[in-house]
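The values are calculated or read from the model by the stated rules, or taken from the named source; none is laboratory data. For clarity, every value in this text was computed on a predicted model and none was experimentally measured. Here the Cβ positions follow ideal geometry from the backbone for every residue, glycine too, while neighbour counts run over all protein chains shown.
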Amino acid sequence: MTNKTAATRYARAILDVAIKEKANLEQIEQDLADFAALLDAQPLLKKVLLNPAVPVPRKRAAVVDLMKLAKVSPMVSKLLVLLAERDRLVLMPDLVDSYRDRLADYRQIVRAEVTTAAPLAPERVQQIQKSLADVTGRSVTLKTRVDPSIVGGLVAKVGSVVYDASVTGQLQKLKDSLLENV
């Protein structure tokens, strides 16, 4: 089983339990992200907790001590101790990403990225966001990007679906069409 798959299972489990227990889902996300950030900010701690040569009981004890100092939800605390017991703390970055994806799915929110050749006015961003919400039937959180190489139009990526309405994309389709008929 890959790390991504294992992280997804842990993320699904903690989200399911959190929903059942009516816990603060955003707080759980924050607690998980904070622990992952702590590992990144403290290279020595990260090296010890992720090193396979360090005995698992020591890793567990270190995480238990950290949980006593940290103000995290009991649910997250139990998960982190469990990950330490199973020597799976290496999953933290993927677990945070997977939890965020599952939480967005649960909240009926889809992430979208729109790339344009020039910056968009705020009103236009709202129009695009509304259009994408109508197409997907979900709330949309929109991130915008500027890439002058697309010349004009826009490229919208919603989840894994790409809508290419750029000038460059249209020219490429025209070129492909012309080459097929030769």
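Count of the range 34-89 residues, restricted to those that are of a type in the set (Lys, Arg) and within 24 Å of Lys22 (Cβ to Cβ), is 2.
Filter the range 45-86 down to residues that are basic (Lys, Arg), farther than 17 Å from Leu32 by Cβ and surrounded by fewer than 14 Cβ atoms within 10 Å (Cβ to Cβ), then give me how many there are.
Restricting attention to the range 45-86, the residues satisfying the condition of being basic (Lys, Arg) are 46-47, 58-60, 68, 71, 78, 86.
So of that shortlist, the ones also farther than 17 Å from Leu32 by Cβ come out as 47, 58-60, 68.
Still in the list and also surrounded by fewer than 14 Cβ atoms within 10 Å (Cβ to Cβ): 47, 58, 68.
So the count comes out to 3.
Filter the range 161-171 down to residues that are surrounded by fewer than 15 Cβ atoms within 10 Å (Cβ to Cβ) and within 25 Å of Asp105 (Cβ to Cβ), then give me how many there are. Adding up the residues that qualify gives 2. From the list Val90, Val96, Val76, pick out the single residue that is within 16 Å of the chain's Cα centre (by Cα), among the β-branched types (Val, Ile, Thr) and not assigned by TED's automatic domain parsing to the domain that holds Ser160. Only one candidate passes the filter, namely Val96.
Table: residues versus (1) in contact (Cβ under 8 Å) with a residue 40 or more places away in the chain; (2) surrounded by 12 or more Cβ atoms within 10 Å (Cβ to Cβ); (3) touching a Phe, Trp or Tyr at 6+ places or on another chain (Cβ under 9 Å).
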{"residue": "Ala104", "(1), (2), (3)": "no, yes, no"}
{"residue": "Ile128", "(1), (2), (3)": "no, yes, no"}
{"residue": "Gly159", "(1), (2), (3)": "yes, yes, no"}
{"residue": "Lys173", "(1), (2), (3)": "no, no, no"}
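Applying the set (1) modelled with pLDDT under 95; (2) in contact with a helix residue (DSSP H, G or I) (Cβ under 7 Å, 6 or more places away or on another chain) to Leu95 leaves exactly one unmet item: (1).
From the set of residues in the range 6-29 that are more than 12 Å from Ser73 (Cβ to Cβ) and of a type in the set (Gly, Ala, Ser), which is surrounded by the most Cβ atoms within 10 Å (Cβ to Cβ)? So the residue we want is Ala11. Note on the range 153-182: residues that are at pLDDT 90 or above and on the phi > 0 side of the Ramachandran plot amount to 0.
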